[in-house]
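Structure, as structure tokens:
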Amino acid sequence: MPIRLTELSHKCVVLLFIIISSAAWAAKQSQFAVKEFHPDTNGVTFTTTAGVMRVEVCGDRVIHVVASSTSQIPTPKVPVVIQPCKAQNLQVASERNEVKLSTGVIAVTVNRLTGAVIFLTKDGKPVLAEPKDGGKSFDVPSGFETKTWQVQQTFSSPPDEALYGLGQHQEGIFNVRGVPIRLHQANTNISIPFLLSSKGYGILWNNPSLTDFNPADQAIEIDAKTGKGKFTTGAKGSYGFLLASDNKDQLVVDLDGKHVIDLVNMWTPSAASGVSDLEASKDYEVSAKGGPGGIQLSARAPQDTTTFRSEVGQAIDYYFFYGPELNRVIADYRQLTGEAPLLPKWAYGYWQCRERYHTQKEILDVGIEFRKRKLPVDALVQDWQYWGKYGWNAMKFDESNYPDPKG
């Protein structure tokens, strides 16, 4: 029986779809596939389909990983490490599906087919791993400069893991596993891209550009006039939320009347984070408030991964530290990046601080009162707006209010 044209066309379309899908899948899987590798005294350089990757050993417990989509390993724009990596007991073994680097304490494997990296204890127990198909990603070229990309690194994170660190943030969230956090600097907001895990390791993300930890990519539409919207969940679990605005007065998100993000002060950062345990396939009423410049609200669904995504980068670049004691992780981090010196003795005393003092007389009178009452004090903080007629943030006192700042 002859095949009709419509039936033939349908089969051709299906076949074409399968071919295109297979090609796309293969391209994704092979982006970091290892074509060849070259070991040396400190590590291994891999030539991948996308470019080049370097895994080097910085002592027995620290591993440096750099992956580039070009043929070169770039020099960091802002170097945070004060000394080059130097291996002590490195051994390299090549097997059919992986290349393995071992020290006396830890091992690292690189999958030849996907380029996926796994960190293991010396007896082969996984400590940290990329997802099975790999966790590295280069997005479209950035518009800021040539040969830079939006870069992303994802690791698997089991449900019983707790993650700490990333600096000082107003929300006060202690365990940051699954929490979307924008790593930016603001008044009282100090971002440090260093992470500690209850599984006994640390990660230093070596990229100075704006970075999203656990990016929240699901946009939530909010009515600009009412501040209201709706959010529909998928799976049951812990959802992360990120609210961005213009550093003005408040960052507040409610789900069905319950606070998820609640920052109200004159020094709000440009973004704030929150988490909430939500039911599956349910509509939630959303209320969001920010500054007059408008808001952007987004969500991150429950998932057993940890991700760093940087806006601009020439390469994926991070350091892995193994303890398993977290004190050892911190010690190796300090040794690699430089030990912080102790402050002078007076700095550990009592500091008297207020929103600001307005005149030289006012601050001196406060000091006199402390002495009069025999109350110990080591520092009086002037704070801002001492500059007066000289303009915002000038490094000079206005003599009309501070006639003799040197005292």
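Relative contact order, percent, of region 342-407 when contacts are C-alpha pairs under 8 Å separated by at least 6 residues?
Working: 74 pairs, mean separation 23.1, N = 66.
Relative contact order comes out at 35 percent.
Can you tell which of Ala67, Ala379, Met266 lies farthest toward the positive end of the dipole of the chain, using +1 and -1 charges on the Cβ of basic and acidic side chains (Lys, Arg; Asp, Glu)?
Of Ala67, Ala379, Met266, it is Ala67.
Of the options Gln83, Ile203, Val252, report the single residue whose Cα projects farthest towards the positive end of the charge dipole of the chain (beta-carbon charges: Lys, Arg +1; Asp, Glu -1).
So the residue furthest toward the plus end is Gln83.
Semi-axes of the equivalent ellipsoid for region 138-271, please: Cα gyration tensor eigenvalues, times 5, square-rooted, ordered largest first, whole Å.
On the way: eigenvalues 122, 80, 61 Å².
Three semi-axes, in Å: 25, 20, 17.
Residue separation times 0.36 nm, minus the C-alpha to C-alpha distance between Ser281 and Trp392: what's the value?
Result: 34.9 nm gained on full extension.
Only four residue types carry charge here, +1 at the Cβ of Lys and Arg and -1 at the Cβ of Asp and Glu. Report the dipole size of region 342-407 about the Cα centre in Debye, rounded to the nearest 20. Walk me through the numbers before you get to the answer.
Working: 11 positive and 9 negative charges, 50 e Å.
The calculated dipole for region 342-407 is roughly 240 debye.
Express in whole angstrom the spacing between the alpha-carbon centres of region 314-359 and region 218-276.
The two parts, judged by their Cα centres, are 31 Å apart.
What are the radius of gyration and Dmax of region 163-240, computed over its Cα atoms and given in Å?
Rg, Dmax (Cα atoms, Å): 15.0, 48.
What stretch of the chain, leaving out the sites themselves, is the longest with no GluC sites (Glu not before Pro) in a DSSP loop having at most 12 other Cβ atoms within 10 Å?
1-94
Could you work out the Rg to Rh ratio of the chain, with Rh taken as the Kirkwood radius (inverse of the mean 1/r over all Cα pairs)?
Across the chain, the Cα-based Rg/Rh ratio is 1.07.
With contacts defined as alpha carbon pairs under 8 Å and 6 or more residues apart, what's the relative contact order of region 178-218 in percent?
52
Distance check, please: which entries in Lys35/Lys100; Lys345/Lys406; Lys230/Lys258; Lys125/Lys236; Lys35/Lys77 exceed 20 angstrom between their Cα atoms?
On the way: Lys35/Lys100 15 Å; Lys345/Lys406 22 Å; Lys230/Lys258 14 Å; Lys125/Lys236 30 Å; Lys35/Lys77 28 Å.
Long pairs (Cα-Cα over 20 Å): Lys345/Lys406; Lys125/Lys236; Lys35/Lys77.
So which chymotrypsin sites (Phe, Trp or Tyr not before Pro) in region 151-247 end up in coil per DSSP with only 11 or fewer other C-beta atoms within 10 Å?
Here the chymotrypsin sites (Phe, Trp or Tyr not before Pro) that fit, given the DSSP loop and packing criteria, are Phe174.
Where the only charges are on Cβ atoms (+1 Lys, Arg; -1 Asp, Glu), what is the dipole of region 286-407 about its Cα centre, to the nearest 20 debye?
420
Just in region 271-371: which trypsin sites (Lys or Arg not before Pro) are loop by DSSP and have at most 15 other Cβ atoms within 10 Å? Before the final figure, lay out each step's value.
Numbers: sites: Lys282, Lys289, Arg300, Arg309, Arg328, Arg334, Lys345, Arg354, Arg356, Lys361, Arg371; in loops: Lys282, Arg354.
In loop regions of region 271-371 (DSSP not H, G, I, E or B), the sparsely surrounded trypsin sites (Lys or Arg not before Pro) are Lys282, Arg354.
Can you tell me the dipole magnitude for the chain around its Cα centre, using point charges on the Cβ only (Lys, Arg +1; Asp, Glu -1), in Debye to the nearest 20? List each step's numbers first, then the result.
Working: 42 positive and 43 negative charges, 90 e Å.
For this selection, approximately 440 debye.
Considering only DSSP states other than H, G, I, E and B, which chymotrypsin sites (Phe, Trp or Tyr not before Pro) in region 363-407 qualify as loop sites with at most 16 other Cβ atoms within 10 Å?
Working: sites: Phe370, Trp384, Tyr386, Trp387, Tyr390, Trp392, Phe397; in loops: Trp384, Tyr386, Trp387, Trp392, Phe397.
Loop-located and lightly packed - Trp384, Trp387, Trp392.
Cβ neighbours within 10 Å, averaged per peptide: list 175-181, 76-82 in order, most packed at the top. Each step should come with its number before you reach the end.
Values: 175-181: 21.3, 76-82: 12.7.
Final packing ranking: 175-181, 76-82.
Please go through the residue pairs Lys361/Lys389; Lys199/Lys282; Lys132/Lys199 and name each one whose alpha carbons sit more than 26 Å apart in this structure.
Details: Lys361/Lys389 18 Å; Lys199/Lys282 33 Å; Lys132/Lys199 19 Å.
Long pairs (Cα-Cα over 26 Å): Lys199/Lys282.
Across 10 Å bins from the origin, how do the percents of Cα pairs in region 342-407 run, short distances first?
Pairs per bin, as whole percents: 20, 45, 30, 6.
Bear in mind these aren't lab numbers, they're just calculated from the coordinates by the rules spelled out. Predicted model, so just to flag it, every value in this text is computed and none were measured. As a convention, Cβ positions derive from the backbone with ideal geometry for all residues, glycine included, and neighbour counts pool all protein chains shown.
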